[in-house]
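Chemist: Below you'll find the structure I mean.
The values are calculated or read from the model by the stated rules, or taken from the named source; none is laboratory data. Predicted model, so just to flag it, every value in this text is computed and none were measured. As a convention, Cβ positions derive from the backbone with ideal geometry for all residues, glycine included, and neighbour counts pool all protein chains shown. For the accessible areas, the whole protein counts, side chains as well, though only heavy atoms, and no ligand, DNA or RNA atoms are used. Shrake-Rupley method; radii C 1.70, N 1.55, O 1.52, S 1.80 Å.
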Amino acid sequence: MITAFVAERDGKPIGRIAAIVNRSHNKYHNDRAGFFGFFECVNEPAVAQALVEKASAVLREAGMDSCPGGGAEIF
């Protein structure tokens, strides 16, 4: 499952992110990890935070209990 989001300002894209559930990974590792990718945004922490929070919420709703990235858990 991949769910993509685009942040816009005044009708123009300013960021994007995808929430990803890799069922093969989770089956192999016997876990419920979600991932995010295809992330980029303008240099504004609030935009980055909103995108990561949206992806995290979608992953939680999909039953994932972690989202490893860069060695850190984001939820």
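Chemist: If a residue must be open to solvent by 100 Å² or more (accessible area, probe 1.4 Å), part of a loop (DSSP other than H, G, I, E, B) and over 17 Å from S56 (Cβ atoms), how many such residues does the range 1-38 contain?
Modeler: 2
Chemist: Right, C41: at pLDDT 95 or above and open to solvent by less than 70 Å² (accessible area, probe 1.4 Å) or not?
Modeler: Against the criterion (at pLDDT 95 or above and open to solvent by less than 70 Å² (accessible area, probe 1.4 Å)), C41 qualifies.
Chemist: Then there's this: Return the residues of the range 46-60 that are surrounded by fewer than 13 Cβ atoms within 10 Å (Cβ to Cβ) and either modelled with pLDDT of 95 or more or closer than 17 Å to H29 by Cα (or both); say none if nothing qualifies.
Modeler: A46, the sole residue that qualifies.
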